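Read the structure below first, then the notes.
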Amino acid sequence: MSGISFYLQALLLGLGLGADAFSISLADGMEYPAMTPGRRWSIPAVFALFQIGMPLLGWTLVHGLLSAFSALERVVPWFSLVLLGFLGVRMIVEGVLSLKRPDAPGEEDAKKSRKMTVWALLLQAVATSLDALSCGLVLSESEFVPVLVTSLIIGGVTFFLCTAGVFFGKLLSGPLSRAAPILGGVILIAVGLKIWITGFLQA
């Protein structure tokens with residue numbers, strides 16, 4: 001494979017794998033518009049790190065534990081569906097409840113000060129990066145260094161996409177402030193269903 005083809009393949013993999021992470025980052029930006037700069041940058045950073053690690057893990061499993069990888073590959077879409085479905089339903093329920101009750105004094109400020117938990121961020125990162133394990137199968141013929149470079153490019157693309165997702169989500173949260181949690185939850189569930197359906201069709 002020529003140098004240009006190698007980098008083009010890595011870039012396309014990054015765009016494909018980072019698309020789900022972009023959608024989740026968009027939902028996070030809508031749900032937590034007043035997050036601190038540190039948390040705003042931690043979202044793309046965590047997503048990128050998981051997108052770097054998962055292809056490397058998949059490559060390792062293919063080379064050392066092929067039977068375990070094959071078994072794991074079948075349940076990956078279910079893990080993503082359950083994790084994102086759980087987070088999405090919880091977000092929707094909270095959004096619906098907040099719409100039904102009138103705002104108390106100071107409640108709007110309380111909404112804006114809500115913080116995204118570390119556990120929620122980690123669950124999102126795991127759920128959206130599990131399908132990157134399959135890259136280990138795609139890259140199984142390559143040596144470790146090209147796989148590492150590919151993983152770093154995937155992580156870089158994911159970081160860029162997620163940074164944009166958080167930014168645009170924050171912009172959308174203004175006109176959609178009360179409905180933002182519901183829309184964010186719908187996005188999470190839709191991404192989970194997309195990953196599950198894709199995995200089912202490829203099985």
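Quick note: the coordinates plus some simple rules give every number you see, no bench work behind them. Only a predicted model underlies this, so the values are computations on that prediction, with no experimental measurement involved. Reconstructed Cβ throughout: ideal geometry from the backbone, glycine too, with neighbour counts over all protein chains shown.
Summary of values
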{"quantity": "At most 15 other Cβ within 10 Å, DSSP loop - trypsin sites (Lys or Arg not before Pro), region 142-203", "calculated": "178"}
{"quantity": "Phi to ³J(HN,Hα) by Karplus 6.51 cos²θ - 1.76 cosθ + 1.60 over region 37-43, Hz, x for Gly, Pro", "calculated": "x, x, 5, 4, 8, 6, 4"}
{"quantity": "Rg and Dmax [Cα atoms of region 114-160; Å; Rg one decimal, Dmax integer]", "calculated": "13.6, 46"}
{"quantity": "Region 77-85 - phi-based ³J(HN,Hα) in whole Hz, Karplus 6.51/-1.76/1.60, Gly and Pro as x", "calculated": "x, 5, 4, 4, 4, 5, 5, 5, x"}
